[in-house]
Amino acid sequence: MRKVFWLLIIVILPVQLFAQYEKYLLKDPEPQIFKQGGAAFSVVESGSGFGAFYALPLKGYYHIGAEFDVFLLRDKNQIDYIDPWTGYPITINKENNAYMMDLILSIKKRLFAREIDDTLRPFIVVGGGPVYGINFPEDPNRKDEYRPGLSAYVGTGVDIALESQYFLGLRLQYRFIKFSESFAQKTNHSTFDIRLEIGKMF
């Protein structure tokens, strides 16, 4: 009888203990997805830009959003430096004062949502939309230019979640920018773009 009693304890007790322990096991939380909005700064091959963005979440860890950016372009042969005598900035070989504004609709897909910690969110992104260029040439004999065009990009990057639902986004993308007529002395302004985003998830 004693043998049966100890056998029951040896077999049943671990099962009961494991069943109780299992109640306290926490499953990994599901990755979360939020609306996103914020400001952005870009460095492109021929200048720099700034803008704003807003994105809505979709199923499957997608975001669909809109971005508005303004770019200040430098000329190919433009040289900027600081005068060592006066301390003032000097620019030479400047022929254009060119600006571009675009309105892009984008789709962003988060990668490895369940394999990587939720604070680190790699993604791929594509977007496209209209672009408008304005140029005020330095040469008074040239007319001011106002040109519509098309812009699209493909890129990859990562969003890093911070405290209080804020995040930093860093991406490398290639922008395809084409004008039907010459703008700032060329029709193709395609360029690499390193983009930094500072935003909030809500």
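Only one residue in I124, I134 is part of a strand (DSSP E or B) and touching a Leu at 6+ places or on another chain (Cβ under 8 Å). Which one?
On the way: I134 fails: touching a Leu at 6+ places or on another chain (Cβ under 8 Å).
Every option except I124 fails the conditions.
Restricting attention to the stretch 154-168, the residues that are among the small types (G, A, S), farther than 15 Å from V126 by Cβ and free of Cβ contacts under 8 Å to residues at least 40 places away in the same chain add up to 1.
Within the stretch 40-87, restricting attention to residues that are more than 15 Å from the chain's Cα centre (by Cα) and acidic (D, E), the residue that is most open to solvent (accessible area, probe 1.4 Å) is E45.
Can you find even one residue in the stretch 51-62 that is touching a Pro at 6+ places or on another chain (Cβ under 9 Å) and modelled with pLDDT of 90 or more? Yes: one or more hits.
Among the residues of the stretch 93-109, those identified as part of a strand (DSSP E or B), open to solvent by 30 Å² or more (accessible area, probe 1.4 Å) and either under 21 Å from G155 (Cα atoms) or at pLDDT below 90 (or both) are M101, L103, L105, I107, K109. Residue pairs whose Cβ atoms lie under 9 Å apart, sitting 6 or more positions apart in sequence or on different chains, and linking a residue in the stretch 81-98 that is farther than 30 Å from Y146 by Cα and of a type in the set (D, E) to a partner that is open to solvent by less than 70 Å² (accessible area, probe 1.4 Å) and part of a strand (DSSP E or B), are D83/I90. The residues listed here are Y146, Y153; of these, the one that is in a strand (DSSP E or B) and in contact with a Lys or Arg (Cβ under 9 Å, 6 or more places away or on another chain) is Y153. Would you point out the residue of the stretch 173-191, among those that are assigned to a strand (DSSP E or B) and among the small types (G, A, S), that is most open to solvent (accessible area, probe 1.4 Å)? Here the residue is S180. The number of residues in the stretch 111-130 being among the charged types (D, E, K, R), open to solvent by 30 Å² or more (accessible area, probe 1.4 Å) and either in contact (Cβ under 8 Å) with a residue 24 or more places away in the chain or in contact with a helix residue (DSSP H, G or I) (Cβ under 7 Å, 6 or more places away or on another chain) (or both) comes to 2.
The values are calculated or read from the model by the stated rules, or taken from the named source; none is laboratory data. Keep in mind that this is a model prediction, so the values were computed, not measured. A quick note on method: Cβ atoms are made from the backbone with ideal geometry, for glycine too, and the neighbour counts reach across all protein chains shown. Surface accessibility is based on the protein's heavy atoms, side chains included, excluding ligands, DNA and RNA. Shrake-Rupley method; radii C 1.70, N 1.55, O 1.52, S 1.80 Å.
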